[in-house]
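This report concerns only the one structure given below.
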Amino acid sequence: MAIRVAVPKETVPGERRVALVPDVVARMKREGYEVWVERGAGEGAYYPDAAYEAAGAKLVDGKEALYPEADLVLKIQPPGEEEVDLMREGAVVVGFMQPHRYPERVKRLAERRVNAFALELIPRITRAQAMDVLSSQASVAGYKAGVLAADLAPKFFPMLTYAAGTIRPALVFVIGAGVAGLQAIATAKRLGAIVEAFDVRRAAGEQVRSLGARFLELDIDAEAEGGYARELTPEEKEKEKQMVADAVARADVVITTAQVPGRPAPRIVTREMVERMKPGSVIVDLAAESGGNCELTQAGEKIVHHGVTIYGPVNLPSELPVHASEMYARNLYNFVSLLAQEGKALSPDWEDEILASSVLVWDGEVKHEPTRVLLEGGEA
Ligand code: NAD
């Protein structure tokens, strides 16, 4: 029996992405999957129903008709409890799950014996790169942050020579040079700005320099497990603060992207630093959703403090829904190919590190240890 895949319209307000795009539907159809798509699912990302139909999908009206029939539900945002309640026992749902934020939904999945994989738990090993939705979506966010910053700035990014003289290029300072930060650097460089960047992982320096930006050196190397950063010690934080304060003060634009897994975003740009910036400067804080890298950031808001515009966008990948969906769909396709053994079965090979790490719920059991601890009332 063919695996029946369901692609719903996302329900979170403002979410414009869709889990599968028509090209990927066509590929899955060729491989023997049956694909059902909720009518209007791709609308926000400009993928019309007709394109899904042409790719071989069956269009379905509403989740009540879609979910109970599905073997495999493909999503972007974590399913709400009302969505879980419509899924049948033994079905598998795959997407971002944010178990820290929504433990009660994980509990619901387990109670209803709906199986779930969380794409954000895929280990960042070489073999998993083609499934790495965190990276693809962070690239989108980084690009968009660069473009937004240029748009908000009351100045040119590039150097400009005109009949009466030369305009100096903008100085952009990027804090955090992971996937999003590097894309923000590349975007600001393409627009002609001079770019400085900083990261607590020394290895990021080489990548920053390869993009033609200047890496601000500090005597810290906070690289921890999996290539992520660890939280800084109080002494290291003080060192970082002094260096960042000067870099922020001379910048026209600051783009912050610093994150520490499982922790609130590090507070790096203080009120005093903002007050030392030139009026008309801009801060785009990509960490707004996890608390902000700037003390004054308000998630989802654009505020002006001392003449400095501070913007804390949320869900930036959704602002570029065409390519964010395309990239996500290809990542998802690669994950599903591993999970479903080319459309034939849904019996995961638990010896596979990627599947064993990303499973959240299986057969009524919460498999992700930190979530289980959280649900049992402990500290995850
Ligand atoms: P992230 O989103 O967790 O954090 C963004 C950046 O913030 C990181 O570079 C981090 O070092 C930095 N940061 C944390 N605290 C900071 C502070 N106080 N000041 C300045 N910067 C700070 O990270 P990410 O973008 O997801 O990537 C993390 C690492 O994983 C990188 O080394 C990346 O190259 C690596 N990675 C590997 C793979 C793979 O091999 N499959 C895939 C993606 C990313």
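The values are calculated or read from the model by the stated rules, or taken from the named source; none is laboratory data. Note that this is a predicted model, so its numbers are computed, not measured. Cβ sites come from the backbone with ideal geometry, for glycine too, and all protein chains shown count toward neighbours. Areas reflect the complete protein model, heavy atoms only, side chains present, ligands, DNA and RNA absent. Shrake-Rupley method; radii C 1.70, N 1.55, O 1.52, S 1.80 Å.
Table for the structure above
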{"read-out": "First in the stretch 199-212 and in contact (Cβ under 8 Å) with a residue 12 or more places away in the chain and farther than 23 Å from Lys237 by Cβ, second anywhere and within 13 Å of the ligand (Cβ to nearest atom) and assigned to a helix (DSSP H, G or I), Cβ under 7 Å, 6 or more apart", "value": "Gln207/Leu182; Leu211/Leu182; Leu211/Ile185"}
{"read-out": "Residue identified as touching a Phe, Trp or Tyr at 6+ places or on another chain (Cβ under 8 Å) and closer than 19 Å to Ala180 by Cα among Val284, Val314", "value": "Val284"}
{"read-out": "Spans of helices (runs of 4 or more DSSP H) in the stretch 179-260 with at least 3 residues under 23 Å from the mean Cα position of the chain (by Cα)", "value": "179-190, 204-210"}
{"read-out": "Strands (runs of 3 or more DSSP E) wholly inside the stretch 270-380 containing at least 3 residues that are open to solvent by 10 Å² or more (accessible area, probe 1.4 Å)", "value": "302-305"}
{"read-out": "Some residue of the stretch 262-280 being hydroxyl-bearing (Ser, Thr, Tyr), more than 19 Å from Leu171 (Cα to Cα) and touching a helix residue (DSSP H, G or I) at 6+ places or on another chain (Cβ under 8 Å)", "value": "yes"}
{"read-out": "Those residues of the stretch 81-96 which are open to solvent by less than 10 Å² (accessible area, probe 1.4 Å) and closer than 24 Å to Arg16 by Cβ, in sequence order", "value": "Glu83, Val84, Met87, Val93, Val94, Gly95"}
{"read-out": "Conditions (1) within 26 Å of Ser318 (Cβ to Cβ); (2) more than 10 Å from the ligand (Cβ to nearest atom); (3) modelled with pLDDT under 95; number of the one not met by Tyr228", "value": "(2)"}
{"read-out": "Residue list for the stretch 1-44, restricted to those being under 20 Å from the mean Cα position of the chain (by Cα) and acidic (Asp, Glu)", "value": "Glu10, Glu15"}
{"read-out": "Asp199 open to solvent by less than 90 Å² (accessible area, probe 1.4 Å), at negative phi and within 12 Å of the ligand (Cβ to nearest atom)", "value": "yes"}
{"read-out": "Cross-chain or 6+ apart pairs with Cβ under 9 Å, the stretch 67-81 first and closer than 23 Å to Val322 by Cα, then surrounded by 23 or more Cβ atoms within 10 Å (Cβ to Cβ) and polar (S, T, N, Q)", "value": "Ile76/Ser318; Ile76/Ser325"}
{"read-out": "Cross-chain or 6+ apart pairs with Cβ under 7 Å, the stretch 168-190 first and of a type in the set (D, E, K, R), then away from the ligand (no atom under 15 Å from the Cβ) and open to solvent by 10 Å² or more (accessible area, probe 1.4 Å)", "value": "Arg168/Met159; Lys189/Gly212"}
{"read-out": "Pair list, Cβ under 7 Å, 6 or more apart: the stretch 133-160 residue small (Gly, Ala, Ser), other residue at pLDDT below 95", "value": "none"}
{"read-out": "Residue that is part of a helix (DSSP H, G or I) and in contact with a Phe, Trp or Tyr (Cβ under 7 Å, 6 or more places away or on another chain), where the choices are Ala150, Ala141", "value": "Ala150"}
{"read-out": "Residue list for the stretch 106-135, restricted to those being surrounded by fewer than 21 Cβ atoms within 10 Å (Cβ to Cβ) and either within 17 Å of Glu10 (Cα to Cα) or touching a strand residue (DSSP E or B) at 6+ places or on another chain (Cβ under 8 Å) (or both)", "value": "Lys107, Leu121"}
{"read-out": "Filtered residue count, the stretch 175-196, keeping only those that are within 9 Å of the ligand (Cβ to nearest atom), surrounded by 24 or more Cβ atoms within 10 Å (Cβ to Cβ) and aliphatic (A, V, I, L, M)", "value": "4"}
